[in-house]
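K.L.:
What follows is a single structure, and I will ask about it in a moment.
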Amino acid sequence: MDTRLLHLGDLKFNLDVWLRELKFHKTELGFFEKKLGELSVRDLGRDAMVPLEKFQNKIAREKDALNKLKHRIKFKKNLLDKLTDLDSVDKSHHSNQVLLSEEMATFNKLNFELKSKMMNYFLRWL
């Protein structure tokens with residue numbers, strides 16, 4: 001088998017992994033969003049409500065970023081799926097993949113930081 005075809009398969013594998021990872025993050029953000037909603041109806045006072053609202057806003061922005069990244073990954077996957085000529089696989093496909101990889105790493109880092117802050121908030125107010 002031609003190594004270019006293997007490389008194309010590797011690129012698709014990365015995209016599939018990232019899509020599954022984003023699906024997990026979206027589900028998890030929904031879980032946190034639900035818990036924040038449950039807390040919002042309690043009479044916890046201003047000290048609890050101000051950060052709660054900030055977290056809700058951050059989750060909305062995080063979901064927006066997630067959806068944009070997901071769209072870019074799916075677009076890239078569709079482009080790769082349309083490639084039939086082995087000569088079409090060039091360095092630009094790999095370069096674009098590296099950029100997506102960096103965006104995923106940044107998203108994961110920011111997502112982890114947000115979840116850590118929310119968990120500390122929950123420890124205080126639950």
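The values are calculated or read from the model by the stated rules, or taken from the named source; none is laboratory data. Note that the structure is predicted; figures quoted are calculated from it, not measured. Virtual Cβ from ideal backbone geometry, glycine too; neighbours counted across all protein chains shown.
K.L.:
So L99 passes all but one of these: (1) at pLDDT 85 or above; (2) surrounded by fewer than 14 Cβ atoms within 10 Å (Cβ to Cβ); (3) more than 20 Å from the chain's Cα centre (by Cα). Which condition number does it fail?
P.N.:
(3)
K.L.:
Still on this model: Mind listing just one residue for me: the one in the stretch 37-76 that is among the aliphatic types (A, V, I, L, M) and out of contact with any helix residue (DSSP H, G or I) (no Cβ under 8 Å at 6 or more places or on another chain) and, of those, farthest from K117 (Cα to Cα)?
P.N.:
Here the residue is V41.
K.L.:
Give all pairs with beta carbons closer than 7 Å in which a residue from the stretch 29-58 that is closer than 13 Å to Y121 by Cβ and touching a residue at least 12 places away in the same chain (Cβ under 8 Å) meets a residue that is surrounded by 13 or more Cβ atoms within 10 Å (Cβ to Cβ) and among the hydroxyl-bearing types (S, T, Y); count only pairs at least 6 apart in sequence or on separate chains.
P.N.:
Partner pairs satisfying both residue conditions: P51/Y121; L52/S40; F55/Y121.
K.L.:
If I filter the stretch 14-36 for residues that are at pLDDT 95 or above, out of contact with any Leu (no Cβ under 6 Å at 6 or more places or on another chain), over 24 Å from F112 (Cβ atoms) and surrounded by fewer than 17 Cβ atoms within 10 Å (Cβ to Cβ), do I get at least one hit?
P.N.:
No - not one qualifying residue is present in the stretch 14-36.
K.L.:
Give all pairs with beta carbons closer than 9 Å in which a residue from the stretch 5-18 that is under 16 Å from A105 (Cα atoms) meets a residue that is at pLDDT 90 or above and of a type in the set (G, A, S); count only pairs at least 6 apart in sequence or on separate chains.
P.N.:
Short answer, once both residue conditions are applied: N14/S101; W18/S101.
K.L.:
Restricting to the stretch 69-95, and then to whatever is at pLDDT below 95 and buried (at least 16 other Cβ atoms within 10 Å of the Cβ), can you tell me which residue is nearest to H7 (Cα to Cα)?
P.N.:
Among those that are at pLDDT below 95 and buried (at least 16 other Cβ atoms within 10 Å of the Cβ), it is V89.
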